[in-house]
Amino acid sequence: MQNEWPLWEIFIRGQHGLSHRHVGSLHAPDAETAVRNARDVYTRRSEGVSIWVVEAAQITASDPDAKEAMFEPAEDKVYRHPTFYDIPDDAGHM
Amino acid sequence: MYAQMIKSEATDEDPEKLAAFQARIDAGEKIEPKDWMPAGYRKTLIRQIGQHAHSEIVGQLPEGNWITRAPTLERKAILLAKVQDEAGHGLYLYCAAETLGVSRDELTEMLLDGRMKYSSIFNYPTLTWADMGAVGWLVDGAAIMNQVPLQRTSYGPYARAMVRICKEESFHQRQGFAIMMKMAEGTEAQRRMAQDALNRFWYPALMMFGPSDKDSVHSAQSMRWRIKMNTNDELRQKFVNESVPQAKLLGLTVPDPELRWNEEKGGYDYSEPDWSEFFAVIQGHGPCNTDRIEARNKAWDDGAWVREGMLAHARKKAAVRVAAE
């Protein structure tokens, strides 16, 4: 059936100042309907105060097969973390 | 459990790739949609998640049957909310299945033409208001037994859908038990109605876990892949152990003369359901199979003009927007 409604990815921002977070997807004919449907499917119990919808076909994602090339370079850079540095307790909270 | 008798697909791929895949699962890693996976894993999951989704959707019918006849406005609002949740659960699961490369319409078609199944339990009728209690307490209770461990299943989108579903499922079971409490504490006629609902739903609820382990041929591969977390009999035993004291609390009798506490195994001995009935229901010969599929077909056909109209409207609006740019 080529008349299937497009797929939308749904992002919800909760009440506690966190960013919008991906919660799932749904089908809708257009963006406005996607927002309305997202309210019913994903916020039945006050899960959010803001909804973003993005057509799934519009998302560009990193290649899972290139995961190592993409993310491994960060792994040997331990000096980017505060725990890398030995600071005497006398220096106070830092 | 909303998924019964899921046939595991054999896989004949590069043994090295298969071993690496199995190692990821054994290490507790989640498999994500774009990751390499054996064709059998994909196919088995589509079948399992699809059947689970269909069960949620068809599961709306026996309860929808009582919305207009709920005894109070509050009970009606609660039942509406529960049935709406079931629709939501179906949608979460369809989305998870779609990440495996099957389309929503394909899944719907396979339900409507009988190529895909839904849980046997929804082929039983809901004859009285007490059935709304028994369904929430026992049917949702049995579903929870299976769904809680599935939150740790290896396929990421399925596990995440399960987390959302489990959060909502506890409301379903508690509202059902609350109905049973009210009925069991009511008049003699109400108490009898509650007992009758338990009598009719007990064995169909036990069947939800699927055939006995000795007849369950598809478990081993699915358990290695962590898309099945416990054997059918393990979950069934757990369900019996939890439900029997709850029935006692209600002052109702589980319809099984063989039911006995077995100190040695730390669980109840119980009678198995009539498996010939189970297989008959699965094959389409339960009391409501025809009604359920007819209702789904009717909803799909009657909704066609709405789906087409909304899509035509959206396309027209998009064309106007492009023309204006």
(request) Of the conditions (1) assigned to a helix (DSSP H, G or I); (2) modelled with pLDDT under 95, B:ALA189 clears all except one; give me its number. (result) (2)
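Given the criterion of a type in the set (S, T, N, Q) and closer than 30 Å to B:ARG42 by Cβ, identify the matching residue among B:GLN195, B:GLN175, B:GLN147. Break it down into steps so the answer makes sense when it comes.
Numbers: B:GLN195 fails: closer than 30 Å to B:ARG42 by Cβ; B:GLN175 fails: closer than 30 Å to B:ARG42 by Cβ.
Within the list B:GLN195, B:GLN175, B:GLN147, the selection yields B:GLN147.
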(message) Tell me the residue from B:ALA280, B:ALA299, B:ALA314 that is within 14 Å of chain A (Cβ to nearest Cβ), in a helix (DSSP H, G or I) and not aromatic (Phe, Trp, Tyr), please.
(response) B:ALA314
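Based on this model, can you work out whether B:GLU13 counts as open to solvent by 30 Å² or more (accessible area, probe 1.4 Å) and assigned to a helix (DSSP H, G or I)? Before you say what the answer is, go through the steps one by one.
Values: open to solvent by 30 Å² or more (accessible area, probe 1.4 Å): yes; assigned to a helix (DSSP H, G or I): no.
For B:GLU13, the condition - open to solvent by 30 Å² or more (accessible area, probe 1.4 Å) and assigned to a helix (DSSP H, G or I) - is not met.
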(request) Of the conditions (1) closer than 30 Å to A:ILE10 by Cβ; (2) open to solvent by less than 20 Å² (accessible area, probe 1.4 Å), B:GLY101 clears all except one; give me its number. (result) (2)
(message) Where the second residue is open to solvent by 20 Å² or more (accessible area, probe 1.4 Å) and assigned to a helix (DSSP H, G or I) and the first is more than 30 Å from B:GLN22 (Cα to Cα) and lies in region B:154-180, which pairs have Cβ atoms under 6 Å and are six or more apart or on separate chains?
(response) B:GLU169/B:ILE144; B:GLN175/B:ILE78
(message) Condition first: farther than 27 Å from B:ALA81 by Cβ and part of a loop (DSSP other than H, G, I, E, B). Can you find one or more residues in region A:31-50 that meet it?
(response) no
(message) Condition first: open to solvent by 80 Å² or more (accessible area, probe 1.4 Å) and farther than 20 Å from B:PRO33 by Cα. Now tell me which residues in region A:4-25 satisfy that.
(response) A:ARG13, A:GLN15, A:HIS16, A:LEU18, A:SER19
(message) So, in region B:52-102, how many residues would count as being more than 14 Å from chain A (Cβ to nearest Cβ), over 20 Å from B:TYR124 (Cβ atoms) and assigned to a loop (DSSP other than H, G, I, E, B)?
(response) 2
(request) Filter region A:31-69 down to residues that are among the acidic types (Asp, Glu), modelled with pLDDT under 95 and closer than 20 Å to B:THR99 by Cα and give me whichever is surrounded by the most Cβ atoms within 10 Å (Cβ to Cβ). (result) A:ASP65
(request) May I ask you to verify whether A:ALA28 is crowded, with 16+ Cβ neighbours inside 10 Å, aliphatic (A, V, I, L, M) and within 11 Å of another protein chain (Cβ to nearest Cβ)? (result) yes
(request) Considering each of A:VAL23, A:VAL54 in turn, give the residue that is part of a strand (DSSP E or B), facing chain B (nearest Cβ under 9 Å) and in contact with a strand residue (DSSP E or B) (Cβ under 6 Å, 6 or more places away or on another chain). (result) A:VAL23
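Considering only residues that are of a type in the set (A, V, I, L, M, F, W, C), in a helix (DSSP H, G or I) and modelled with pLDDT of 90 or more, look in region A:70-94 and name the one that is surrounded by the most Cβ atoms within 10 Å (Cβ to Cβ).
Narrowing region A:70-94 to residues of a type in the set (A, V, I, L, M, F, W, C): A:70-71, A:74, A:78, A:84, A:87, A:91, A:94.
Filter once more, so that each one left must be in a helix (DSSP H, G or I): A:70-71, A:74, A:78, A:84, A:91.
Narrowing the set further to residues that are modelled with pLDDT of 90 or more leaves A:70-71, A:78, A:84, A:91.
Working: A:MET70: 12, A:PHE71: 10, A:VAL78: 9, A:PHE84: 9, A:ALA91: 7.
For region A:70-94, the residue satisfying everything is A:MET70.
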(message) Quick check on my filter: what residues within region B:103-158 are basic (Lys, Arg) and within 14 Å of chain A (Cβ to nearest Cβ)?
(response) B:ARG104
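Which ones in region B:252-276 are open to solvent by less than 50 Å² (accessible area, probe 1.4 Å) and not in a strand (DSSP E or B)? I'd like the intermediate steps shown before the answer.
Pass one, region B:252-276, residues open to solvent by less than 50 Å² (accessible area, probe 1.4 Å): B:252, B:254-256, B:259, B:262, B:266-268, B:270-271, B:273, B:275.
Scanning region B:252-276 gives B:LEU252, B:VAL254, B:PRO255, B:ASP256, B:LEU259, B:GLY266, B:TYR270, B:SER271, B:PRO273, B:TRP275.
The values are calculated or read from the model by the stated rules, or taken from the named source; none is laboratory data. Quick caveat, the model's predicted, so the values are computed rather than measured. So basically every Cβ, Gly included, is an ideal-geometry build from the backbone, and we count neighbours across all protein chains shown. We work out accessible area using only protein heavy atoms, side chains counted, and drop any ligands, DNA or RNA first. Shrake-Rupley method; radii C 1.70, N 1.55, O 1.52, S 1.80 Å.
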